[in-house]
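Asker: I'd like to ask you about the structure that follows.
Nothing in this text is a laboratory measurement; each read-out follows from the coordinates by a stated rule. Quantities reported herein were computed from a predicted structural model and do not represent experimental measurements. Backbone-built Cβ (ideal geometry, glycine too); neighbour counts: all protein chains shown.
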Amino acid sequence: MAIGTKDEWTDDEWVVKRSKEEMLADYADFTDRVKAILNCVKNADVWALFHHKPARTFYQTKPRICLIGDAAHATTPHQGVGAGMCIEDSYVLSELLGKISSADELEKAFHAYQEVRRPRVKRLIESSQEAGWLWDLEGPEGNDFEAFERNATTRLHWIWSHDVRTDVERAQEMMAIQPM
C-alpha cells in the first residue's frame, strides 16, 4: 500500500523494509510522470505513524515534572508543526516560570501552562490526523481534487496566524487569580 491507513500495526518494527518493485506496484495506475519520479526513490521503506491523545495532564507535583512538546502531546508529522508546538510550549512555560518567586508557585505556573496549551495542541493532534487522511486521499474529499485543494490551502491558517503571546497573557492572568 503506497499510502493509507491500517486499523493496526502488527510488525515489531516501526520501519519495515520494502523493495522498490513493491512500492512501484502500489502506484501502477498513476501517470508515467509520477512513476518516473518514484523510480528515483532509493529507499521504499514503510513507516508506521501512530495517533496518540495528549497526556491527561502535562505536570505533576510529586515529583515535580512538567512535560512539553511531544512528551506532552505527540502528533503525526502531516502538518510539520511538532517542533513549533514545542517552541510555543517552551515560550509560554518560560514566561510563566519567569514570573514566580519561589518553588511553591511552580504548581500554579504548571497549571496555567497546561490550561492554556492543552486546547491548542489537542486541536493540532486532531487536525494532523485529518491532514494525514487528506494527503492519503482517505478524507471526505476522497479524490475530488478541487475539494482537496480548497482544504489543503486553508487548513493551516489557524496554526500559522496564532499569536502565542496571547497564550502567555491568558496564562499569566490565570496565575494571578488561581488559588492553589
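Asker: Taking the chain as the reference, fit the longest principal axis to its C-alpha atoms, fit the long axis of helix 82-97 to the helix C-alpha atoms, and give the angle between the two in degrees, 0 to 90, nearest 10.
Answerer: 0
Asker: Among I159, I100, I37, which one moves the most in a GNM of the chain with springs linking Cα atoms closer than 10 Å?
Answerer: Of I159, I100, I37, the Gaussian network model singles out I37 as fluctuating most.
Asker: Name the residues whose placed amide hydrogens come within less than 5 Å of the amide hydrogen of Y59, ignoring near sequence neighbours (fewer than 5 apart) on the same chain.
Answerer: Residues meeting the criterion, in which the H sits 1.01 Å from N, are L67.
Asker: Still on this structure: Each residue of region 151-164 in order: what ³J(HN,Hα) in whole Hz does its phi give by Karplus 6.51 cos²θ - 1.76 cosθ + 1.60, θ = phi - 60°, with x for Gly and Pro?
Answerer: 5, 4, 8, 10, 5, 9, 4, 5, 6, 5, 8, 5, 9, 5
Asker: How large is ³J(HN,Hα), in whole Hz, for each residue of region 120-129 in order, when computed from phi with the Karplus curve 6.51 cos²θ - 1.76 cosθ + 1.60 and θ = phi - 60°, using x for Gly and Pro?
Answerer: Once rounded to whole Hz, the list reads 5, 6, 4, 5, 4, 4, 5, 5, 5, 5.
Asker: Do the sum for the chain: with -39,500 (n - 2.57) for every DSSP H run of n ≥ 4, divided by all residues, what is the mean residue ellipticity at 222 nm, to the nearest 500 deg cm²/dmol? Kindly include the intermediate steps, with their values, before the conclusion.
Answerer: Details: 8 runs with 92 residues, N = 180.
When only DSSP H runs of four or more count, the value is -15500 deg cm²/dmol.
Asker: Another question, if that's okay. Sort S19, S127 by Cβ crowding within 10 Å, fewest neighbours at the top. If you can, show how the numbers build up before the last one.
Answerer: On the way: S19 10, S127 19.
Ranked by crowding around the Cβ, least crowded first: S19, S127.
Asker: Consider the candidate values (i) 1.91; (ii) 1.09; (iii) 0.94; state which one is Rg/Rh (Cα atoms, Kirkwood Rh) computed from the structure displayed.
Answerer: Here Rg/Rh (Cα atoms, Kirkwood Rh) agrees with entry (ii).
Asker: Now a separate question. Between the DSSP loop rule and a limit of at most 12 other Cβ atoms within 10 Å, which trypsin sites (Lys or Arg not before Pro) in region 1-95 are left?
Answerer: K6, K17, K42, R56
Asker: Order of V168, V41, V92 from fewest to most other C-beta atoms within 10 Å?
Answerer: Details: V168 21, V41 11, V92 25.
Going from least to most buried by this count: V41, V168, V92.
Asker: Name the long-range amide H neighbours of G139: under 5 Å, sequence gap of 5 or more, or other chain; modelled H, no Pro or chain starts.
Answerer: Those qualifying (amide H under 5 Å, at least 5 residues apart or on another chain) are L134.
Asker: Apply the Karplus curve 6.51 cos²θ - 1.76 cosθ + 1.60, θ = phi - 60°, to the phi angles in region 56-70 and return the couplings in whole Hz, x for Gly and Pro.
Answerer: Karplus-based 3J(HN,Hα) across region 56-70 equals 4, 9, 8, 8, 9, 9, 10, x, 6, 9, 9, 8, 9, x, 4 Hz.
Asker: Shifting gears a bit: Expressed as a whole number of Å, what is the distance separating the alpha-carbon centroids of region 47-96 and region 136-180?
Answerer: Using only Cα atoms to place each centre, the spacing works out to 15 Å.
Asker: I want to check a number: in the chain, how many lysine pairs have alpha carbons closer than 21 Å, given a sequence separation of 8 or more or different chains?
Answerer: The number of close lysine pairs in the chain is 10.
Asker: Between A109, A71, A25, find the one with the highest GNM mean-square fluctuation for the chain; connect C-alpha pairs within less than 10 Å.
Answerer: Highest fluctuation among the options: A25.
Asker: Please rank T61, T75, T154, fewest neighbouring Cβ atoms within 10 Å first, as an exposure proxy. Mind dumping the intermediate values first?
Answerer: Details: T61 12, T75 24, T154 9.
Fewest-to-most Cβ neighbours within 10 Å comes out as T154, T61, T75.
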